[in-house]
Amino acid sequence: MKKILFVLAATLLWTTADAQDHALFQKFRFIQNGDTLPYRLLLPEHYDPQKKYPLVLFLHGRGESGSDNEAQLLHGAAIFLKEENRKQFPAIVVFPQNAAKYYWSNVQTVADSSGKRSFYFIAGGEPSPSMQLVMALMRNLDRQYKIKKDQVYVMGLSMGGMGTFEIVNRMPHTFAAAIPICGGADPGIAGNLKNTAWWVFHGGKDEVVSPEYSRKMVRAMKANGVPVQFTVYPGAGHNSWDAAFAEPGLLGWLFAHKRKNNFSKTSNN
């Protein structure tokens, strides 16, 4: 009984501490043309509004979609809340939340009788409503805060990994580096990704989003001269983000990249 009470107390303490940490991410809602995009924003420690900071955009997975402005912090927020990371990599970090009925990218899903899903990516066309809002939010943030335009980054997992490819394709002159985890895209967009450095992750045993989607993208990216490195965790399933977030050099790699192109310039896709 004492052991059970200890575990319950430890769990409660961890949950409370986690909730308190998440409270550092301020709550906002971006509204445009009647549509609303909830998002959470983490400012650097000792934030100085007169200083310029890097910006990190993080796109969550399908399971965290909704409108509560909470769920999107489930995966990924902790790495930016670590004290050592906040001190070493001061940045403005943004977690928007996708509406449940949309995807970040133009992707179609087909499920067979067993429930196994296949994904079909569409290159071009109008951005999804959520992607349109995120792109507008990026331009809005550039007006609200002093952003280091050569240090704008994007990360995402699962549906957000797909969205990572998508937003770089849509805004090819914005991001210095990108980290898509267990995602994918149409290999036909690879030639539009070469202005950004890439670190692609996937689990070798992922049965939700096949690692073949990342493999195809990496092959196409290399063929088009895109600077990309690819890490596959042979024993990992869909939650390969756990291993990716544990990479000791992950944020060091991300923040080491800089670019010179214009923050607000977008493609015509």
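No value in this document is a laboratory result; all are computed from the given coordinates. Quantities reported herein were computed from a predicted structural model and do not represent experimental measurements. Here Cβ is always computed from backbone atoms with ideal geometry, including for glycine, and neighbour counts include all displayed protein chains.
Here are a few things to note about the model shown:
- Pairwise centroid distance, computed over Cα atoms, of segment 110-173 with segment 193-223, Å: 15 Å
- Only aspartates and glutamates eight or more places from K222 in sequence, or on another chain, were considered; those with a Cα closer than 18 Å are E166, D186, E212.
- Karplus-derived 3J(HN,Hα) values for segment 104-113, using 6.51 cos²θ - 1.76 cosθ + 1.60 with θ = phi - 60°, are 5, 10, 7, 10, 10, 10, 10, 10, 7, 5 Hz; glycine and proline are entered as x.
- Charge dipole magnitude, Cβ of K and R +1, D and E -1 - the chain, Cα centre, debye nearest 20: 700 debye
- Rounded to whole numbers, the Karplus 3J(HN,Hα) couplings from phi for segment 77-90 are 5, 4, 5, 8, 8, 4, 4, 5, 6, 5, 6, 7, 10, x Hz, using 6.51 cos²θ - 1.76 cosθ + 1.60 with θ = phi - 60°, and x at Gly and Pro.
- Here the calculated FRET efficiency for E45 and E70, from their Cβ-Cβ distance with R0 = 35 Å, stands at 0.95, rounded to the nearest 0.05.
- Here the relative contact order of segment 24-256, from alpha carbon pairs under 8 Å that lie six or more residues apart, stands at 17 percent.
- Between segment 66-91 and segment 232-252, the alpha-carbon centres lie 16 Å apart.
- Across the chain, Cα-Cα distances exceeding 36 Å account for 12% of all pairs.
- Summary: within the chain, the longest segment free of GluC sites (Glu not before Pro) located in DSSP loops with at most 14 other C-beta atoms within 10 Å is 46-206.
- Distant-in-sequence amide H partners of S128 (H built 1.01 Å from N, under 5 Å): N106
- Cα gyration tensor shape of segment 198-249, rounded if a/c is under 1.5, else prolate or oblate by comparing a/b with b/c: oblate
- Cα→Cβ-extended label distance, 7 Å offset, between D112 and R143, nm: 5.0 nm
- T231, T109 arranged by Cβ crowding within 10 Å, fewest neighbours leading: T109, T231
- Counting all C-alpha pairs of segment 106-166, share separated by more than 19 Å (%): 46 percent
- Over the chain, dividing the summed -39,500 (n - 2.57) contributions of all DSSP H runs of at least 4 residues by the number of residues returns a 222 nm mean residue ellipticity of -9500 deg cm²/dmol.
- Within the chain, the selection of entire DSSP H helices by a Cα span of 15 Å or greater along the long axis and an average Kyte-Doolittle value of at least -0.5 returns 2-22, 129-144, 159-170.
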